[in-house]
Each structure stands twice: as C-alpha cells, then as structure tokens.
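Written below as structure tokens is the structure these notes are about.
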Amino acid sequence: QVQLAESGGGLVQAGGSLRLSCAGSGRSFSVYGMGWFRQAPGKEREFVAAVSWSGGSTYYTDSVKGRFSISRDNGKKMLYLQMNSLKPEDTAVYYCAASRAMGATTTERYEYWGQGTQVTVSS
C-alpha cells in the first residue's frame, strides 16, 4: 500500500514556474508507475504526466509537452512535477497517483491518490 501527499502548489503569474512534490510512504513505492492529474472547477480530472517505475520513461498530455517535466527519486520516495511557462488554463487542483501499470493515462488505472494541491495561475 502507498500513501501519497502533495505539496508545492500556490499562486503564480502567467509565465512563471512551480515545482510540485509528492511524498510517498510504504515500502513498495518504487514498484509503482506514478502520475500527475489535475482537475479544474466543473471539469473532469485529467491526465497530465506519468513516469515509469525506474524513471526512465515519461509520458505527457499534449498541452503540457515542453513546459512540464515529471521525475521521481525512489530513494527518497518522492515524485516531482516541474511546471514552467504556466498559463491560466493550468489552474487546477493537482493530484499525484500510483499505478501498477506503466504509462497509464486514465484515472481508472491508478490505485492510490493524494489529497491534491491547488495551483492558480493569474493572467
């Protein structure tokens, strides 16, 4: 079992950067594929990025390619999302999640979820 807790959200101006962190607990953290999702008000939760168990493979939704970077440190049981060139449409609650599948892009494939951290990008 894995417990997840996000941090690093906040208010930033358009064009700015934020780095989200997700702290994992449980001995099996390194065997899970990890992902970031986001949910804006009135919208469904959507896939943002995913990383393989080793960190060697990454996956992104088209709207964040070239701006966001996902990474993990299994020794520290940490997951990260570096977000650059932020846009107002990136405003959402961001969630980290763990999946036994690699590169999963749908919420149904993820077993464990954090509570989320709010990211607000002002124009």
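The values are calculated or read from the model by the stated rules, or taken from the named source; none is laboratory data. Computed from a predicted model, the values in this text were never measured in an experiment. A quick note on method: Cβ atoms are made from the backbone with ideal geometry, for glycine too, and the neighbour counts reach across all protein chains shown. The protein model used for the area step is the full one, side chains on, heavy atoms only, and it has no ligands, DNA or RNA in it. Shrake-Rupley method; radii C 1.70, N 1.55, O 1.52, S 1.80 Å.
General remarks:
- Most fluctuating residue given options Ala98, Ala49, Ala40, as computed from a GNM of the chain linking Cα atoms under 10 Å: Ala40
- DSSP-defined antiparallel bridges as percent of all bridges, the chain, nearest 5: 90
- Counting only protein heavy atoms and a probe of 1.4 Å, the accessible surface of the range 21-123 is 46% carbon and sulfur.
- Were the residues from Ser123 through Thr61 laid out at 0.36 nm apart, the gain over their Cα-Cα distance would be 20.1 nm.
- For the chain, the Kirkwood radius over C-alpha pairs fed into Stokes-Einstein at 4 °C and 1.567 mPa s yields D = 92 µm² per second.
- Sequence-distant contacts, meaning Cα pairs under 8 Å at least 6 residues apart, place the relative contact order of the chain at 36 percent.
- Unit charges on C-beta of K, R, D, E only; dipole of the range 30-123, Debye: 200
- Solvent-accessible heavy-atom area per residue, rounded to whole Å², over the chain at 1.4 Å: 50
- Binning all Cα-Cα separations of the range 1-71 at 10 Å, short to long from zero, yields these whole-percent fractions: 16, 48, 31, 5.
- Distance (nanometres) between label positions extended 7 Å along Cα→Cβ at Ser85 and Ala5: 3.4
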